[in-house]
Structures are given as structure tokens and as C-alpha cells.
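Comments concern the structure below.
The values are calculated or read from the model by the stated rules, or taken from the named source; none is laboratory data. The structure displayed is predicted, hence computed values, not measured ones. Every residue, glycine among them, receives a Cβ derived from its backbone with ideal geometry; neighbour counts consider all protein chains shown.
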Amino acid sequence: MKFTATIFALACASAAAFAPSNTPSFRTNSVALNAEVTVSLIKELREKTGAGMMDCKKALQETDGDIEAAIEAMRTSGQLKAAKKATKVAAEGMIFIRSDDKGTALVEVNCQTDFVAKDGSFQAFANGIADFAIAERPEIDALKEKFEEDRVALVAKIGENIDVRRVSYVEGEKVQTYLHNGGKIGVVVAGSGDDQVLKNVCMHVCASAPQFVSPDDVADEVIEKERKVQIAIAMEAGKPEEIAEKMVAGRMKKFAGEIALKGQPFVMNPKQTVGEMLEAEKADVTAFVRLSVGEGIEKEDAPSFADEVAAMAKGN
């Protein structure tokens, strides 16, 4: 009932805000000074710019209803708006993959909500970045610079922060790719052997998230860091240091295999490791990349729809 009342209050406030003035006015492309901004004006500006309703209303109010002046003001304020949105956490988005005869590119483009990630304008922007990435192979800073003006314009249009976050490239004798959950996770595996075997390895990488190709690739520093963490955990649980070290010594013998692709139990047949499966299939993996949307980004709690409606009602 509170939510319904909020919606009703918003509707009443909006109707009052858009009510026509008692004093008639004539306009061609603008309205008289201090004239009310009508729904039709907002609709017209929104169709021309693609900006949000409240942004259009504000721009028209600030330009006394002059459509062309409002468009110019919105264009010149795009950079400012993008800068304001940049403080918002962009942890949603998609992974985009492109391949050619030389290799494969993975690009992560972020936004604030899953809804915008599915928007046509966002998709067109991100696909253009992926196409350029595979064609030119730029590093991330150059890629960001290339599309910065387009990004700012899209932020102004959509009203969310957007970030070109990461790009990775993979080369190999053969390359297979896999996109999971509509692009939330992207995997590329390079190697040799049957295409389906490499595709299956892609799905394993997606599910198990290995950090290295082979146990031999795991650096000594990584193992030592984990050993200290495990000892600290055991001692925190009340084990004496000498007992903790003995417990952890056995654990560390398995650690490198657990975080390396070829040492992990194969998800489609856990009785085999991935390395054993590859050997049986006369295949090999030389490299892989796994990108997951938003990994490592600290997310903030977004307001509910009811909260947004209530905020809009107060604004009116």
C-alpha cells in the first residue's frame, strides 16, 4: 500500500508540474519565459537526444523551453555528467569476444545495472570496441582513449557510469571460446587437438577458474604466501605452531595442482585430471584467459525501485 501511495503521489506531482499555464503562449521552437514545460516538449527533446525524462525536463526548464538551446546545453554538459557518473560503481556489464586468423580478443565493458548491459546503445558501443580491439590489438589505455568521446556521449544518454575496463589477447595453434550466462563470463583457450576437446576445456575453465596452466607454472612466492595463510588459520584454530606446520606441509603438496588447470579434476569426469584427459585425447593447452564481469570490484547496494520512485516524487 505504501508503494501504491508513492506511485499515486508521483503521478499527481507530475500532473501538477506539467499542467498548462492559464496564460496562452505561442511557440515555434521555444516557449515564452517562465512558461510551463509540457509533456510534449519533454517527449520531443527525449526523441531527439535519447536522454532520460528528468534530464530533458531539467534542460528545458533551464532554457525556458527552447528545444535547440536545451540540446546544446545537454551536449556541452556531457563531460560534466560523465565525470559525475564516474563516481558510481560500474560492476555490471558484459564480456565481448572477437577472433581472427591471428588470435582472439576479450573485452570487458562495465555499466551500473544489468538492464543497461542489455540496452542496444550499450551493446553497439561495446561491440564497436571489441571489433577495434581484434583489428588493432591496442593495450587498455589506448583502447580507452580511442573510445572516450563515445563513452562520454553514451553516459550522457543512458545516465549510468560506463567503463572500458579490460582487454586480453590470446594466440595459439587453435583457439576455442566460450561465453557463459549471456556474457557474464568469457573464456578463451589456446592449444592443439580436437576442437570439441578444447571447447570442453573452456567450460572447465569457466567452472573451476584455474590461475595457471600447469602446476609447474605456479611460482614459489604464490605457494609460500598460501603456506603462511594456512599456518595462521590453523594456529587461530588453536593448533600449536609445529603441529600447524606439519598439517600445512601435506596440504601444500596438493595446492599447486588445485589452482593449475592441468592439475584440477576435469569437471566432466572428476576421476581424471584435465592433464590426464588432454593426454588421452592427444591434445594440449598452452594458454587460457578467463574474465568474469565485475570481479575484484567492490559493489555498492543499489536503491530499490520504490526508493527511486519516492526520490522522484520528492524532487517534484
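Contact list please: Cβ distance under 7 Å, first residue in the range 154-170 and without any contact (Cβ under 8 Å) to a residue 60 or more places away in the chain, second residue in a strand (DSSP E or B) and crowded, with 20+ Cβ neighbours inside 10 Å, pairs at least six apart or on different chains.
From the range 154-170, the pairs are Val164/Val109.
From the residues in the range 98-138 that are in a strand (DSSP E or B) and among the β-branched types (Val, Ile, Thr), which one is nearest to the chain's Cα centre (by Cα)? Quick ask: steps written out before the conclusion?
Taking the range 98-138 and keeping what is in a strand (DSSP E or B), we get 98-100, 103-111.
Keeping just the survivors that are among the β-branched types (Val, Ile, Thr) gives 104, 107, 109.
Working: Thr104: 19, Val107: 10, Val109: 5 Å.
Ranking the candidates gives Val109 first.
Kindly indicate the residue of the range 190-247 that is more than 25 Å from Asp284 (Cα to Cα) and assigned to a loop (DSSP other than H, G, I, E, B) and also farthest from the chain's Cα centre (by Cα) among those meeting that condition.
Restricting to residues being more than 25 Å from Asp284 (Cα to Cα) and assigned to a loop (DSSP other than H, G, I, E, B), the top hit is Pro240.
I'm told Ser208 meets every condition in (1) out of contact with any Gly (no Cβ under 7 Å at 6 or more places or on another chain); (2) surrounded by 18 or more Cβ atoms within 10 Å (Cβ to Cβ) except one. Can you identify the failing condition by its number?
(2)
Restricting the range 85-99 to residues that are of a type outside the set (A, V, I, L, M, F, W, C) and modelled with pLDDT of 75 or more, which is surrounded by the most Cβ atoms within 10 Å (Cβ to Cβ)?
Narrowing the range 85-99 to residues of a type outside the set (A, V, I, L, M, F, W, C): 85, 87-88, 92-93, 98-99.
In the following step, the residues that additionally are modelled with pLDDT of 75 or more were identified as 92-93, 98-99.
Working: Glu92: 21, Gly93: 26, Arg98: 18, Ser99: 15.
Across the range 85-99, the extreme among qualifying residues is Gly93.
Does at least one position in the range 241-260 carry a residue that is modelled with pLDDT of 90 or more and under 26 Å from Arg137 (Cβ atoms)?
Looking for residues that are modelled with pLDDT of 90 or more and under 26 Å from Arg137 (Cβ atoms), one finds none in the range 241-260, hence no.
Taking into account only those residues within the range 218-232 that are surrounded by 12 or more Cβ atoms within 10 Å (Cβ to Cβ) and among the charged types (D, E, K, R), which is nearest to Leu261 (Cα to Cα)?
Looking at residues that are surrounded by 12 or more Cβ atoms within 10 Å (Cβ to Cβ) and among the charged types (D, E, K, R), I get Glu226.
Ser168 - would you say it is in contact with a Leu (Cβ under 6 Å, 6 or more places away or on another chain) and hydroxyl-bearing (Ser, Thr, Tyr)?
Values: in contact with a Leu (Cβ under 6 Å, 6 or more places away or on another chain): yes; hydroxyl-bearing (Ser, Thr, Tyr): yes.
Yes: the conditions hold for Ser168.
Does the range 100-120 contain at least one residue that is surrounded by fewer than 18 Cβ atoms within 10 Å (Cβ to Cβ), hydroxyl-bearing (Ser, Thr, Tyr) and at pLDDT 95 or above?
Taking the range 100-120 as the starting set, the residues that turn out to be surrounded by fewer than 18 Cβ atoms within 10 Å (Cβ to Cβ) are 100-103, 113-115, 118-120.
Add one more test, that the residue is hydroxyl-bearing (Ser, Thr, Tyr), and what stays is 113.
With at pLDDT 95 or above added as a condition, the list becomes none.
No, there is no match, as no residue in the range 100-120 is surrounded by fewer than 18 Cβ atoms within 10 Å (Cβ to Cβ), hydroxyl-bearing (Ser, Thr, Tyr) and at pLDDT 95 or above.
If I filter the range 157-185 down to residues being in a loop (DSSP other than H, G, I, E, B) and closer than 15 Å to Glu92 by Cα, which single residue comes out as farthest from the chain's Cα centre (by Cα)? Give the derivation first.
Here is the first cut: in the range 157-185, the residues in a loop (DSSP other than H, G, I, E, B) are 159-162, 171-173, 181-184.
Restricting the remaining residues to those that are closer than 15 Å to Glu92 by Cα gives 159-162, 181-184.
Working: Gly159: 15, Glu160: 12, Asn161: 10, Ile162: 8, Asn181: 13, Gly182: 12, Gly183: 10, Lys184: 8 Å.
This residue is Gly159.
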